[in-house]
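> Sharing a structure, written as structure tokens. Questions coming.
No value in this document is a laboratory result; all are computed from the given coordinates. Bear in mind that the values here come from a model prediction, so they are computed numbers and not experimental data. Cβ atoms come from the backbone with ideal geometry, glycine included; neighbour counts cover every protein chain shown.
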Amino acid sequence: MRLYRDQGVVLRTMRLGESDRIVAIATQGRGKVRAVVKGVRKTRSRFGSRLEPMSHVSLLLYEGRELDIVTQAESLDHFRAIRDDLDRMTRAACLLEAVDQVAQEGTANPRLYQMLVGALRALAARDSALLVPAFFWKVLSLEGFHPLLDRCATCGTEEALVAFDLTEGGVLCRSCRRGAAVSPEAIALLRRILGGDLARVLAEPGSPATAEVEVLAHRAVEHHLERRLRSLGALHRH
């Protein structure tokens with residue numbers, strides 16, 4: 001078995017036998033990795049809380065035939081501000097579940113890993129209602145589903161853009177309208193999120209446009225993944 005080093009964020013964990021655990025990790029160099037952590041559920045485990053969901057860790061692993069084996073784990077980020085706040089924990093769960101669905105085993109996606117670490121750090125610094133929807137739009141764009149926002153996705157006009165349709169992949173004019181109604185303010189906010197102004201957007205107070213962008217983002221990511229995200233249910237209840 002070959003030994004290798006990587007760093008990643010733990011997406012979820014599953015019990016294995018009496019004392020072991022399987023962890024799914026979004027890594028920098030190998031995409032999603034599923035690995036066994038031996039003895040982690042024993043009280044004297046040297047890994048302890050280092051391999052809980054959301055942990056950002058530096059790892060040493062053995063390459064296995066089906067599952068790799070974690071031999072070392074060092075914490076890079078604890079994200080204590082998120083763990084101590086139920087609202088932020090709920091948002092973090094949405095980020096982790098989305099990445100778990102998008103990341104592919106054995107396919108490196110360093111940009112997705114960097115985006116997740118960046119989003120968790122931003123969430124630790126400020127609890128913004130726009131963080132999850134903005135992350136979803138960024139992930140969709142990374143996946144090749146960048147919405148058309150500057151002209152009608154059907155006829156190409158730049159005038160009277162009033163709707164957003166997931167099947168068409170962007171905004172629609174008054175003549176071609178279908179899907180969800182969308183305000184000019186929400187379109188402008190989407191353009192800023194995807195156009196490099198994200199840090200300033202996250203620092204701004206919420207607005208009706210924020211709520212529109214959030215609803216659209218949740219629909220868009222579930223449409224792309226072709227499945228419901230369980231964590232979004234908790235976010236809506238919260």
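> Take residue 4 and residue 207, extend 7 Å from each Cα along the Cα→Cβ direction, and tell me the distance between the two endpoints in nm.
The modelled label-to-label distance comes out at 4.6 nm.
> Roughly how big is the chain's charge dipole about its Cα centre, with Cβ charges of +1 (Lys, Arg) and -1 (Asp, Glu), in debye to the nearest 20? Present the calculation step by step, with values, prior to reporting the outcome.
Values: 35 positive and 29 negative charges, 180 e Å.
Dipole about the Cα centre, nearest 20: 860 debye.
> Ordered by packing density, taken as the mean number of other Cβ atoms within 10 Å over each peptide's residues, highest first, how do 91-104, 206-219 rank?
Packing proxy ranking, top to bottom: 91-104, 206-219.
> Then there's this: At 0.36 nm per residue, and after removing the present C-alpha to C-alpha distance, how many nm does the segment from residue 226 to residue 107 gain when stretched out fully? Please list the in-between numbers first.
Working: separation 119, 0.36 × 119 = 42.84 nm, distance 2.05 nm.
Here the segment from residue 226 to residue 107 would lengthen by 40.8 nm.
> Can you work out the FRET efficiency for the pair residue 157 and residue 219, with r the C-beta to C-beta distance and R0 = 22 Å, to the nearest 0.05?
The value I calculate is 0.40.
> Rounded to the nearest 0.05, what FRET efficiency is calculated for residue 16 and residue 181 with R0 set to 30 Å and r the Cβ-Cβ distance? Display every interim value, and only then the final one.
Numbers: r = 48 Å, r/R0 = 1.60.
Computed FRET efficiency for residue 16 and residue 181: 0.05.
> Right, here's the next one. Run the numbers for residue 34 and residue 84: contour at 0.36 nm per residue of separation, minus the present Cα-Cα distance, in nm.
15.3 nm
> Lys and Arg at +1, Asp and Glu at -1: add these up for the other residues within a Cβ distance under 12 Å of residue 114 and post the number. Walk me through the intermediate numbers first.
Values: positive: 111, 121, 138; negative: none.
Residues near residue 114 contribute +3 overall.
> Assuming R0 = 30 Å, what is the FRET efficiency of residue 72 and residue 200, from their Cβ-Cβ distance, to the nearest 0.05? Please report the intermediate quantities before stating the final value.
Values: r = 39 Å, r/R0 = 1.31.
Plugging the Cβ-Cβ distance into 1/(1 + (r/R0)^6) gives 0.15.
> Hey, another quick one. Rounded to the nearest 500, what is the 222 nm mean residue ellipticity of the chain from helices alone, with -39500 (n - 2.57) per DSSP H run of 4+ residues and division by all residues?
-12000 deg cm²/dmol
> Once you place label points 7 Å from the Cα toward the Cβ at residue 143 and residue 126, how far apart are they in nm?
2.7 nm
> Continuing with the same structure: Among (i) 139, 33, 25; (ii) 64, 35, 28; (iii) 54, 51, 36, which one is Cα extents along the principal axes in Å computed from these coordinates?
Among (i) 139, 33, 25; (ii) 64, 35, 28; (iii) 54, 51, 36, the one calculated here is (ii).
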